[in-house]
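Values quoted throughout were computed directly from the atomic coordinates according to the rules given, and no laboratory measurement underlies them. Just so it is clear, the model here is predicted, and its values are computed rather than measured. Cβ placement follows ideal geometry from the backbone for every residue including glycine, while neighbour counts extend to all protein chains displayed.
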Amino acid sequence: MKLTSVVKLVLTPAEKQALRHTLETANAACNAISEVAWENKVFGRYALQKLVYHSTKEQFGLSAQIVLLCVAKVADAYKLDKKTKRTFKPLGAIAYDDRILSWKTQLQVVSIWSMAGRLKVSYVCGPRQRELLETRQGESDLFVRKGEFYLAATCNVDEPDPQDFSDVLGVDLGIKNIATTSDGKKFAGGQVNGLRARHRRLRGKLQSKGTKSAKRLLKNRKRKESLFAKDVNHCISKEIVQTAKGTNRAIALEDLQGIRTRTTVRKAQRAEHTAWSFYQLRSFIEYKARMEGVTVIPVDPAYTSQTCTVCGCISKKNRKTQAEFLCVQCGFSGHADIVAAENIRRAVVTQPYAGVCSALASPVL
């Protein structure tokens, strides 16, 4: 499995200036290469390299390897869309390979090429990032954020073999409750939804004001909301995976791909519906589960919130409110999200699936 380890470089003002100049020069070269590619309609990496290699190296004073990596960056950009001319920001990230960047993980030092020559600089990171760097492989990206320079290294982590499991943990994903398990554990979304509502109101006020200070504040707050939501999803996914591993269970997740196009909501709920980060949470659960040898099974979410777990009655009327479930046939009641999570669990348990023991074939009431 490929993961990314991000480390922060500890630089002097002169070293910062050297790396900034390197980024600006490399991205200027990318723009020049893109101009040639667009005019000649040549977007393949090797064909483009023949056209621009010598002229780019002479014009910008870059090393041979940086020029090749700039050509690769432009070619990759045109893979997404050949109908639009590609341009690159002055401080856009650039890739480094082992010829122009070497890691000394024991000393927490990197030797990195710059327009001012080789720089040997130290870096800081957490224990998890340090552990990942032991499996580093391939290219690393240099990027700048809020005036600080970082390296994002690609790490190839070995995956354990999937463990046999004796039961399944159902997980229902939602907006009011970000995740609910068939054990009855609810991860409330009130804090995240409240923060997002507050940010929407603040963005509206600042955008309507339109002053330079308002725009500066908007830029400073740009990533706060997404970083907070990402941290919450990391914590939830970690707890779910650890629960499944500790109880020798697989994880059953509803497959919500295309949910935004299949469902409609009221106007007042559109913002929450659009900001719902269910895919991010699912991806976090999946990659953490793979690292722990826990099996993840996708489940069709159809009718999971409308089906009674006792009598099997399916009706929209069973879902009285967002949180309340009351079966119109047998009178069974419970929290709607827990009922849905249990139905997701049973969708796996009551059907033949490799790795599930035969004792689970009969539903548990």
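Tabulated data
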item: For residue 167, distant residues with modelled amide H under 5 Å away; result: 250
item: Long pairs among 89/146; 176/320; 2/120, criterion Cα-Cα beyond 19 Å; result: 2/120
item: Order of 314, 338, 297 under a 10 Å beta carbon neighbour criterion, fewest first; result: 314, 297, 338
item: Alpha-carbon centroids, the range 72-140 and the range 199-244: separation in whole Å; result: 26 Å
item: Spin-label zone in the range 1-34 - amide nitrogen under 13 Å from a point set 7 Å from the Cα of residue 136 along the C-beta vector; result: 4-10
item: Derived scalar couplings ³J(HN,Hα) [the range 308-323; Karplus, 6.51 cos²θ - 1.76 cosθ + 1.60; whole Hz; x for Gly, Pro]; result: 6, 7, 9, 9, x, 5, 10, 7, 4, 5, 5, 8, 5, 9, 4, 9
item: Dipole magnitude (debye, nearest 20) for the chain, charges at Cβ of Lys, Arg, Asp, Glu; result: 2380 debye
item: Vicinal HN-Hα couplings computed from phi for the range 26-43 (Karplus, 6.51 cos²θ - 1.76 cosθ + 1.60; Hz; Gly/Pro x); result: 5, 6, 5, 5, 4, 5, 5, 5, 4, 4, 5, 4, 5, 5, 9, 6, 10, 10
item: Over the chain, relative contact order from alpha-carbon pairs under 8 Å, at least 6 apart, %; result: 16 percent
item: Full-stretch length increase - residue 14, residue 202 - with 0.36 nm per residue and alpha-carbon distance subtracted; result: 63.9 nm
item: Net lengthening on full extension, residue 89/residue 239 (0.36 nm per residue, minus Cα-Cα); result: 50.1 nm
item: Phi-based couplings in Hz for the range 92-102 (Karplus 6.51, -1.76, 1.60; Gly and Pro marked x); result: x, 5, 10, 8, 10, 10, 5, 7, 10, 8, 10
item: Positive-end extreme of charge dipole, the chain - chosen from 47, 80, 207 (charges on Cβ); result: 207
item: Shape category assigned to the range 60-213 from the gyration tensor of Cα positions, a/c cut at 1.5; result: oblate
item: The range 21-66-the range 297-319 distance, computed between alpha-carbon centres (Å); result: 57 Å
item: Choice from 16, 73, 50 with maximal GNM fluctuation in the chain (Cα, 10 Å cutoff); result: 50
item: Options 281, 175, 298, ranked by Cα towards positive dipole end of the chain, top entry (Cβ charges); result: 175
item: Charge dipole magnitude, Cβ of K and R +1, D and E -1 - the range 1-141, Cα centre, debye nearest 20; result: 200 debye
item: Fraction of beta bridges assigned by DSSP in the chain that are antiparallel (%, nearest 5); result: 80 percent
